[in-house]
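To keep things clear, I will list the structure first and then write my remarks on it.
The values are calculated or read from the model by the stated rules, or taken from the named source; none is laboratory data. Note that the structure is predicted; figures quoted are calculated from it, not measured. Backbone-built Cβ (ideal geometry, glycine too); neighbour counts: all protein chains shown.
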Amino acid sequence: MAAGEVTIADDSGIEAADLGGAPGIYSARYAGEGASDEVNLAKLLREVDGAGGGRRAAYVCAIALIDEGGHEYVFEARCEGTLLREGRGSGGFGYDPAFVPDETGPNDQRTFSELSTAEKHAISHRGKAARMLARHLGLEAEAAP
């Protein structure tokens, strides 16, 4: 990075509690390089089934910022939820068809794939982290869902 340049980077993934946080940073390539979303999801669900415990999971997003002065900031957010035994819904991508977020309430069993874009943005790990970054940058009003 050249001095005086602002740099922003992000990464996100899903963590299954009974798998010690896996797949984590390997979420996009959990079943190997070039594996489809469907193959990655199938592997995660198979391994969670094999772990024999709960189905708790969380999406995690970290956004890193280096400002003009070289100061580093990391904004990390989570969306806690439960993994279904099989996927449902046509929206979203990746692990969304099997992830039921806690924040929609105990009587709402919709997956991330079944939520509207606005509903998902309001509670998602990425939406939360982006709003944290926006507040830091003084852009909060512009970043509100």
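I'd like the full set of residues that are surrounded by fewer than 18 Cβ atoms within 10 Å (Cβ to Cβ) and either of a type in the set (S, T, N, Q) or closer than 16 Å to Leu83 by Cβ (or both), limited to region 1-16.
Step one: filter region 1-16 for residues surrounded by fewer than 18 Cβ atoms within 10 Å (Cβ to Cβ), giving 1-11.
Selection gives Thr7 alone.
Is there a residue being surrounded by fewer than 20 Cβ atoms within 10 Å (Cβ to Cβ), in a strand (DSSP E or B) and aromatic (Phe, Trp, Tyr) anywhere in region 48-68?
no
Take the residues in region 113-138 that are assigned to a helix (DSSP H, G or I) and among the aliphatic types (A, V, I, L, M); name whichever of them is nearest to Leu44 (Cα to Cα). Show your work before the answer.
First pass over region 113-138, keeping only residues assigned to a helix (DSSP H, G or I): 113-114, 117-123, 125-136.
Next, only the ones that are among the aliphatic types (A, V, I, L, M) stay: 118, 122-123, 129-130, 132-134.
Working: Ala118: 27, Ala122: 25, Ile123: 22, Ala129: 24, Ala130: 26, Met132: 29, Leu133: 30, Ala134: 32 Å.
Looking at residues that are assigned to a helix (DSSP H, G or I) and among the aliphatic types (A, V, I, L, M), I get Ile123.
Looking at region 72-93, is at least one residue basic (Lys, Arg) and either within 30 Å of Val6 (Cβ to Cβ) or within 14 Å of the chain's Cα centre (by Cα) (or both)? Walk me through how you get there before you give the answer.
Let us first name the residues in region 72-93 that are basic (Lys, Arg), namely 78, 85, 88.
Now drop any that are not either within 30 Å of Val6 (Cβ to Cβ) or within 14 Å of the chain's Cα centre (by Cα) (or both), which leaves 78.
Yes.
Just name the residue that is farthest from Lys43 (Cα to Cα) out of those in region 87-112 that are small (Gly, Ala, Ser) and without any contact (Cβ under 8 Å) to a residue 60 or more places away in the chain. Reasoning before the result, please.
Quick first cut of region 87-112, residues small (Gly, Ala, Ser) only: 87, 89-92, 94, 98, 105.
This time we only want the ones that are without any contact (Cβ under 8 Å) to a residue 60 or more places away in the chain, so: 87, 89-92, 98, 105.
Numbers: Gly87: 12, Gly89: 18, Ser90: 19, Gly91: 20, Gly92: 18, Ala98: 12, Gly105: 27 Å.
Of everything passing the filter in region 87-112, Gly105 is farthest from Lys43 (Cα to Cα).
When only residues in region 89-112 that are in contact with a Lys or Arg (Cβ under 7 Å, 6 or more places away or on another chain) and part of a helix (DSSP H, G or I) count, which is surrounded by the fewest Cβ atoms within 10 Å (Cβ to Cβ)?
Ranking the candidates gives Thr104 first.
Are there any pairs, at least 6 apart or on different chains, whose C-beta atoms fall under 7 Å, with the first in region 9-24 and within 9 Å of Ala58 (Cα to Cα) and the second crowded, with 19+ Cβ neighbours inside 10 Å and among the hydroxyl-bearing types (Ser, Thr, Tyr), and if so, which?
Sorted first by the residue in region 9-24, then by its partner, the pairs are Gly13/Ser27; Ile14/Ser27; Ile14/Tyr59; Ile14/Tyr95.
In region 48-82, which residues are at pLDDT below 95, among the acidic types (Asp, Glu) and either under 18 Å from Ala130 (Cβ atoms) or in contact with a strand residue (DSSP E or B) (Cβ under 9 Å, 6 or more places away or on another chain) (or both)?
Asp67
Between a residue in region 45-70 that is aromatic (Phe, Trp, Tyr) and any residue that is buried (at least 19 other Cβ atoms within 10 Å of the Cβ) and part of a helix (DSSP H, G or I), which pairs come within a Cβ distance under 7 Å, given they are 6 or more apart or on different chains?
If the second residue must be buried (at least 19 other Cβ atoms within 10 Å of the Cβ) and part of a helix (DSSP H, G or I), the pairs left are Tyr59/His125.
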